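Peer 1: Here it is, the structure in full.
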Amino acid sequence: MTRSSTRLPLAAWDHRYLWHPFTQMEEWEADTPLIIEKGKGSYLIDAQGRKYLDGTSSIWVNLHGHRHPHLDRALTRQLRQIAHSTFLGLTNPPAIRLARELIRLAPKGLRRVFYSDNGSTAVEVALKMAVQYWQQIQPTAGPKQSFAHLKMAYHGDTIGSVSVGNIELFHARFKPLLFPTHQVEPPYCYRCPLGRTYPSCDMACIDPLERLLETRHRELAGVIIEPLVQAAAGMMVAPPGYLARVRELCTRYNVLLIVDEVATGFGRTGKMFACQHEGVTPDLMAISKGLTGGYMPLAATLTTEAIYRAFLGRYDEWKTFFHGHSYTGNPLGCAVALANLEIFRREQTLAQVRKKSRLLARLLQPVAELPHVGDIRQCGFMVGIELVENRETKAPYPLERRIGHRVAQMCRVRGLLLRPLGNVIALVPPLSMRPRELTKMVAILHSAIRETT
Ligand code: PLP
């Protein structure tokens, strides 16, 4: 145990009792943990009263800032009614109202809401629904139960969602537990896997998916995709029209389209849902993160009436979707999610994000000039800054150099919290971040990249 951690009993207890996610605990134990006690607007405040800009929106969940009075009130008001009752065989007013509101806002054609508690599980539910759907609508046909997805996709950490993901570092160890899938190259224009250049490539990267669907559609239950931005892969932004082409192909080959809006949903890209940029309605849509504005763990899988209807029947036909969790439809989460959606209307959040995204793009221009910045990818309030050892050759920094981590450490000292994705610095500020805070955030990042690389 370090000297600094023994000074604070909480730090010592953290070191003694906790195990943090995605964290090398040996390194964690050697350092003093940053204990966040409070939040206000775009800031997180630590146990010593130091303020940090929340440059990751607390891992992409916070939308309207910390301690938003409308969200605080909604939560306490619901607490006076009830904190939780089961959703198995019972229902509750906030869950009903929220489902109605989500359907109003979702891409046209999505008509049913199935609740769960986190993004991975919302994806897991979509996969299970897809497999059971095909069993029930074509019981005599051959099994349609495999999935196609993009390489470098990240859909969560449960076994199903890891199976349809492909980030080597996170997923390789669990291969013995995973089901086989079909993977195709992603639209990663900066390092095009086909060696082509956009737009003259004519989006040739879609061709392997088309060939796969053509040959394997009889066994494919669905294609799962992060719409517009492959977030954990390093904020890889797909070229315009890519998602619409995937939709077209899925329709043509009778394969379900599952859109994972866990990271992109709720205004992050400038529309309520990213697939709305391309007028796409998926067959299943997973949402979480921003659903409660960063207040409570809640998730949902939205689907069409056609899919829902395939699960109807007499009890002993066993068409029921046998899936659910103890905290499904939690009233506190649903109440705060409803208030979250109200803020979108009251504060014109989407129009504000679109306007401030343009400011953010302007602020990032000098960052793009830095000698070790290879690529800046932005879609609304999702930004990935890829650092490279050599800009001409695009040679990446070896991962063990931990360049992203070192930049983030320097930002932290200067009052900005970030969580890098390998060599990519992810900037995902709360949608409510003010222009002068955005300016400060980018200035800190600029100096940290300049001095670290
Ligand atoms: N899907 C996407 C696209 C994500 O980015 C994430 C998390 O980052 C998840 C699913 C998993 O969500 P959760 O961490 O809530 O399980």
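The values are calculated or read from the model by the stated rules, or taken from the named source; none is laboratory data. No experiment lies behind these values; they were computed from the predicted model shown. Here Cβ is always computed from backbone atoms with ideal geometry, including for glycine, and neighbour counts include all displayed protein chains.
Peer 1: Only residues that are in a strand (DSSP E or B) and without any contact (Cβ under 8 Å) to a residue 40 or more places away in the chain: list them for region 39-67, please.
Peer 2: G39, K40, Y43, I45, D46
Peer 1: Quick test of your reading of the structure: A83 fulfils all but one of (1) surrounded by fewer than 13 Cβ atoms within 10 Å (Cβ to Cβ); (2) farther than 26 Å from V424 by Cβ; (3) touching a Phe, Trp or Tyr at 6+ places or on another chain (Cβ under 9 Å). Name the failing condition by number.
Peer 2: Of everything listed in (1) surrounded by fewer than 13 Cβ atoms within 10 Å (Cβ to Cβ); (2) farther than 26 Å from V424 by Cβ; (3) touching a Phe, Trp or Tyr at 6+ places or on another chain (Cβ under 9 Å), A83 misses just condition (3).
Peer 1: Among helices (runs of 4 or more DSSP H) lying entirely in region 113-187, which contain 3 or more residues that are away from the ligand (no atom under 16 Å from the Cβ)?
Peer 2: On the way: elements: 119-137, 159-163, 168-171.
Ranges flagged: 119-137.
Peer 1: I need a count of the residues in region 374-395 that are without any contact (Cβ under 8 Å) to a residue 40 or more places away in the chain, out of contact with any Asp or Glu (no Cβ under 6 Å at 6 or more places or on another chain) and not in a loop (DSSP other than H, G, I, E, B).
Peer 2: Residues of region 374-395 that are without any contact (Cβ under 8 Å) to a residue 40 or more places away in the chain, as a first pass: 376, 388-393, 395.
In the following step, the residues that additionally are out of contact with any Asp or Glu (no Cβ under 6 Å at 6 or more places or on another chain) were identified as 376, 388-393.
From the residues that got through so far, the ones that are not in a loop (DSSP other than H, G, I, E, B) too are 376, 388-390.
Residues that pass the stated criteria total 4.
Peer 1: Go through region 1-30 and report how many residues are at pLDDT 95 or above, outside any helix (DSSP H, G or I) and more than 26 Å from H171 (Cα to Cα).
Peer 2: Counting residues in region 1-30 that are at pLDDT 95 or above, outside any helix (DSSP H, G or I) and more than 26 Å from H171 (Cα to Cα) gives 1.
Peer 1: Taking into account only those residues within region 134-170 that are surrounded by 18 or more Cβ atoms within 10 Å (Cβ to Cβ) and modelled with pLDDT under 95, which is nearest to V246 (Cα to Cα)?
Peer 2: Per the criteria, the residue is N166.
Peer 1: Further question on the same structure: Do we have M236 as within 16 Å of the ligand (Cβ to nearest atom) and over 17 Å from F147 (Cβ atoms) here?
Peer 2: So M236 fits the description; yes.
Here's the yes/no breakdown for (1) on the phi > 0 side of the Ramachandran plot; (2) crowded, with 18+ Cβ neighbours inside 10 Å; (3) of a type outside the set (G, A, S):
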residue	(1), (2), (3)
Q378	no, yes, yes
I385	no, yes, yes
A395	no, no, no
C411	no, yes, yes
I425	no, yes, yes
P435	no, no, yes
T439	no, no, yes
